[in-house]
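Handing you this structure, nothing more for now.
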Amino acid sequence: MSIEPNPNGGVPVDADPVGADIDAPAQVPPNQQQKGMFGISGTGDVSGFGGLVRRRPELVGSPRPYGSYFDEVTDALEEAYPGFADAIEKVVVDRDELTLHIAPEKIAEVAQVMRDDESLRFELCSSVSGVDYLNSDVRRLHVTYQLTSMTYRRRVRLEAAIPAGGSLPSVTSVYPTADWQERETYDMFGVVFTGHPNLTRVLMPDDWEGHPQRKDYPLGGVPVEYKGAEIPPPDQRRVYQ
Amino acid sequence: MSSSSVGTGSGYATERETTEGRVFTVTGGDWDTVTGSIDPLSNEKIVVNMGPQHPSTHGVLRLVLELEGETVTEARPVVGYLHTGIEKNLEYRNWTQGTTFVTRADYLAPLFNEAAYCMAVEKLLGITDQITERANTIRVLFMELNRVSSHLVWLATTGMELGAISMMLYGFREREYILDIFEETSGLRMNHAYFRPGGVAQDIPESAIRKIRDFLVYMPKKLKEYEAMLSGQIIWQERTQGVAVLDVTGCLALGITGPVLRSAGLAWDLRKTMPYCGYETYEFDVPTATTADVWGRYQVRIAEIRESLKIVEQALDRLKPGPIFVADKKIAWPAQLAVGLDGMGTSLEHVAKIMGQSMESLIHHFKLVTEGFRVPPGQVYVSIESPRGELGVHAVSDGGTHPYRVHMRDPSFVNLQAIPAMAEGALLADVIAGGASLDPVMGGCDR
């Protein structure tokens, strides 16, 4: 005797148990969210990879006083840079680090003041890199500049956000060390730095298409057979939420 | 072209019949006109591609050099031949697995990559001050041993490139001693994945500590030998002194840190200026030189090996028994790891416990190993003093079990920008010496 699938979902049964009504355990209501016994979707791989469900915590500015040397740095910048109110979008203090969110078109000006002002003296630009906050808002590409003051032994992060396809001024005239790091950010995220002396790819081949570190750029990879089972590529494995 | 010569059968060469058979006479007369048309005074400029497969470029670095005779007029480094997408791959693994990726970036200083990455994750988690004293001491101990081994490879390869082949053999021989210590502890010579977010993977065995003690006696003698072999040697002096000069201004503008900056006279060492892992409690000096040339960098690195040995000795003395991982079981790796016949793996006792005795332990183990722990959203930048300079990790979390973005500020990548400044206007041979003095590791540069 064949077992018919239960039209109401749930476990198909041969026949209703004796005395069962519609609330019988065999006729649980269908669950739209869950599929399978453990609520997985996709390949069912349990290797623990995946987890590409991205959350977008909202970014909020920090209230004064910021603590540590952060007030001093912010005040010094405000005093030395007349366009402070227009250029600084947000000040965030988190985990003992100061982040100044800068209007992208002002980034080179702010960097110049940060380097030259006597009470700031951020002589070294340690790092320039990008982050792609896909689906957060239009200005999804963020460029972060980690500045180091050797005189005062301080660190500050500048962050500028632009939309995909947008551009912002290069800081190479202020910090020549940003040359290759801006090239890498262009290479990986497609951020265009205007005024850069030689904005070409640096890590990927010259004729590469696309910008690999963007979040909508796939990781790539092929399924691999291991002991008879097929293991999907890392970006298609099981998702943890 | 007309075939004018009499007796030219094929039209290319004169021929005549002899008793042995037909003989062709070929002359290269037209080469005279080719070479004669080149004016040696006004047309000496040639472009040479050095690399990417050249033993003297430290891995797959390519230098495009424009030469006038022996003088380099323009030098352009080309990188990216070893790009492996480590940063992108990290985004598809959990936070703990990340350490196995970053260790492969700068392969001569794997423990520094791991340390910087783990410290960034710990800062994101807010557990920096919960790292146990023993874990921090082991980290310092191993980082300093790694610094010695990295500087030894620098000495070895630079020696080879400048003609001192025996230095190459000695440097790699002593480095092997350190790699044995690493193998004894982590199960691997390189790419250890030994530091983990929250501590270190497993404790140092007694045998490794004995080996380190032996090494502390052995190494200073060898250092004296190196200096006896190189420092007074006239070829070594000629090849290094006054070569590839870059002063403090140039270093700061180009973002050069590490021994190159210290060879110019600025005692900027993050272990002193922005201490981490308890470096402020160790006694050591920051060696500097004032010559700002390859010679200065050689002297700084030799002195740094001595300072590192000092730190190793102090770390050994303060190594007290205690936990090597944070107490928080939501983060600490559940498996007690042990070195087995096939390298490091889960200890058999732990497997017996989770499989035979405790269902809760099994669930906990499974969740933490497959899914990983969650890291609160935010971003941090952590930097440490690697053998090549400032190694920074910019880590961003969105609150999930995987890194949202990790960027490694690798000193090799930044420092290579100094090659044009060092090489242009100098001799071709000095490009090798100058490039070597930066100690670039392409695995770190290209990531």
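Do you know which of the residues in segment A:134-153 that are assigned to a loop (DSSP other than H, G, I, E, B) and within 15 Å of the chain's Cα centre (by Cα) is farthest from the other protein chains (Cβ to nearest Cβ)? Explain how you work it out, then say what you get.
Keep residues of segment A:134-153 that are assigned to a loop (DSSP other than H, G, I, E, B), which gives A:134-140, A:150-153.
From what's left, within 15 Å of the chain's Cα centre (by Cα): A:134-140.
Working: A:LEU134: 10, A:ASN135: 11, A:SER136: 10, A:ASP137: 15, A:VAL138: 19, A:ARG139: 16, A:ARG140: 12 Å.
Of everything passing the filter in segment A:134-153, A:VAL138 is farthest from the other protein chains (Cβ to nearest Cβ).
Just for segment A:156-191: of the residues that are surrounded by fewer than 22 Cβ atoms within 10 Å (Cβ to Cβ) and at the interface with chain B (Cβ under 9 Å from one of its Cβ atoms), which one is nearest to the chain's Cα centre (by Cα)?
Filtering segment A:156-191 for residues that are surrounded by fewer than 22 Cβ atoms within 10 Å (Cβ to Cβ) and at the interface with chain B (Cβ under 9 Å from one of its Cβ atoms), the one nearest to the chain's Cα centre (by Cα) comes out as A:GLU159.
Quick check on this structure: which one of B:ILE178, B:ILE204, B:ILE209 is β-branched (Val, Ile, Thr), under 23 Å from B:GLU227 (Cα atoms) and in the same structural domain as B:GLN130 (by TED's automatic domain parsing)?
B:ILE178
Also, quick follow-up: Working carefully through the options B:ILE204, B:ILE212, B:ILE181, B:ILE256, find the one that is of a type in the set (A, V, I, L, M, F, W, C), in contact with a strand residue (DSSP E or B) (Cβ under 8 Å, 6 or more places away or on another chain) and either closer than 27 Å to A:PHE122 by Cα or buried (at least 18 other Cβ atoms within 10 Å of the Cβ) (or both).
Values: B:ILE204 fails: in contact with a strand residue (DSSP E or B) (Cβ under 8 Å, 6 or more places away or on another chain); B:ILE212 fails: in contact with a strand residue (DSSP E or B) (Cβ under 8 Å, 6 or more places away or on another chain); B:ILE181 fails: in contact with a strand residue (DSSP E or B) (Cβ under 8 Å, 6 or more places away or on another chain).
So the residue among B:ILE204, B:ILE212, B:ILE181, B:ILE256 that is of a type in the set (A, V, I, L, M, F, W, C), in contact with a strand residue (DSSP E or B) (Cβ under 8 Å, 6 or more places away or on another chain) and either closer than 27 Å to A:PHE122 by Cα or buried (at least 18 other Cβ atoms within 10 Å of the Cβ) (or both) is B:ILE256.
Go through (1) touching a Pro at 6+ places or on another chain (Cβ under 9 Å); (2) part of a helix (DSSP H, G or I) one by one and return the number of the condition B:MET190 breaks.
Tallying (1) touching a Pro at 6+ places or on another chain (Cβ under 9 Å); (2) part of a helix (DSSP H, G or I), B:MET190 fails exactly one: (2).
Could you tell me whether segment A:57-68 includes any residue that is polar (S, T, N, Q) and not in a strand (DSSP E or B)?
First pass over segment A:57-68, keeping only residues polar (S, T, N, Q): A:62, A:68.
Going one step further and asking which of them are not in a strand (DSSP E or B), we end up with A:62, A:68.
There is at least one residue in segment A:57-68 that is polar (S, T, N, Q) and not in a strand (DSSP E or B).
Okay, next question. Any idea which of (1) surrounded by 24 or more Cβ atoms within 10 Å (Cβ to Cβ); (2) more than 14 Å from chain A (Cβ to nearest Cβ); (3) closer than 16 Å to B:MET408 by Cβ is the one B:ALA120 doesn't satisfy?
So B:ALA120 meets the others, but not (2).
Counting only residues that are within 19 Å of A:TYR175 (Cα to Cα) and part of a strand (DSSP E or B), how many does segment A:102-133 have? Talk me through it step by step, then tell me what you get.
Step one: of segment A:102-133, the residues within 19 Å of A:TYR175 (Cα to Cα) are A:102-130.
Checking the rest, the ones that are also part of a strand (DSSP E or B) come to A:102, A:124-130.
Here the count works out to 8.
The values are calculated or read from the model by the stated rules, or taken from the named source; none is laboratory data. Predicted model only: the values in this text are computed from it and were never measured. Here the Cβ is made from the backbone with ideal geometry for all residues, glycine too, and neighbour counts use every protein chain on show.
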